[in-house]
Amino acid sequence: MSRLLFVTAGGLGLLRPAPGTWGSLPPAIAAAVLGTLGGEGVAITMAALLVAGILVSLLLAPWFEQHFGRHDPPQVVCDEIAGMSLCLLLLPWPPLAGQSPWWSVALACIAFVLFRGFDIAKPPPIEQSQRLPGGWGVLVDDLLAGLAAAAVCWGLILLAR
């Protein structure tokens with residue numbers, strides 16, 4: 001039972017519809033809340049969630065593939081935790097010096113929407129990375145989606161300055 005809680009992010013991956021969207025929420029909410037409080041702790045929190053998501057995705061891949069009977073089952077959202085956390089880790093907190101703390105909420109929301117967009121659309125090379133074996137095929141597409149979302153967020157931040 002504990003393995004199921006780890007791979008489904010406490011059961012979020014069992015929610016319908018769109019379990020990947022539910023699983024991407026915890027890092028975004030944590031960044032938004034910590035960002036409104038000044039941004040301290042966002043980097044440490046995102047790094048911890050990133051490492052946890054990577055480890056769970058890689059170490060429990062044989063178990064969850066056997067348990068759910070398929071490669072990259074939708075209920076498994078530890079990879080979304082990792083990808084969303086990577087995206088947020090790469091962003092500045094607070095996003096704009098001297099601005100309202102609500103910019104942090106806006107940035108977290110924009111990052112969330114972009115991450116989900118890249119994760120769902122899977123443009124190349126994101127889609128091809130799913131062919132990697134085991135947990136790597138589950139994880140790398142989300143990490144690439146996180147990198148792409150962070151790059152677009154940085155572009156938007158630079159435009160807003």
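The values are calculated or read from the model by the stated rules, or taken from the named source; none is laboratory data. All values reported here derive from a predicted model rather than from experimental measurement. Here Cβ is always computed from backbone atoms with ideal geometry, including for glycine, and neighbour counts include all displayed protein chains.
Checking each residue in the stretch 125-161 for being part of a loop (DSSP other than H, G, I, E, B), in contact (Cβ under 8 Å) with a residue 40 or more places away in the chain and farther than 15 Å from Pro95 by Cα picks out only Gln130.
Residue-by-condition table, conditions (1) within 13 Å of Ile29 (Cα to Cα); (2) in contact (Cβ under 8 Å) with a residue 60 or more places away in the chain; (3) out of contact with any helix residue (DSSP H, G or I) (no Cβ under 7 Å at 6 or more places or on another chain):
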position: Trp93; (1), (2), (3): no, yes, no
position: Gln99; (1), (2), (3): no, no, yes
position: Val105; (1), (2), (3): yes, yes, no
position: Val113; (1), (2), (3): yes, no, yes
position: Arg116; (1), (2), (3): no, yes, no
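Would a scan of the stretch 124-139 turn up a residue that is under 14 Å from Gly20 (Cβ atoms) and in contact with a Ser or Thr (Cβ under 6 Å, 6 or more places away or on another chain)? Within the stretch 124-139, one or more residues are under 14 Å from Gly20 (Cβ atoms) and in contact with a Ser or Thr (Cβ under 6 Å, 6 or more places away or on another chain).
Would you confirm, using the coordinates I've provided, whether Asp79 is among the acidic types (Asp, Glu) and touching a Leu at 6+ places or on another chain (Cβ under 7 Å)?
On the way: among the acidic types (Asp, Glu): yes; touching a Leu at 6+ places or on another chain (Cβ under 7 Å): yes.
So Asp79 passes the test.
So, in the stretch 103-157, of the ones that are β-branched (Val, Ile, Thr) and at pLDDT below 95, which residue ends up surrounded by the most Cβ atoms within 10 Å (Cβ to Cβ)? Only one residue fits best here, namely Val138. Of Leu37, Leu55, all but one fail to be without any contact (Cβ under 8 Å) to a residue 12 or more places away in the chain and of a type in the set (A, V, I, L, M, F, W, C); the exception is Leu55.
Residue count for the stretch 107-124 under the criterion of being assigned to a helix (DSSP H, G or I) and either touching a Pro at 6+ places or on another chain (Cβ under 8 Å) or of a type in the set (Lys, Arg) (or both): the result is 2.
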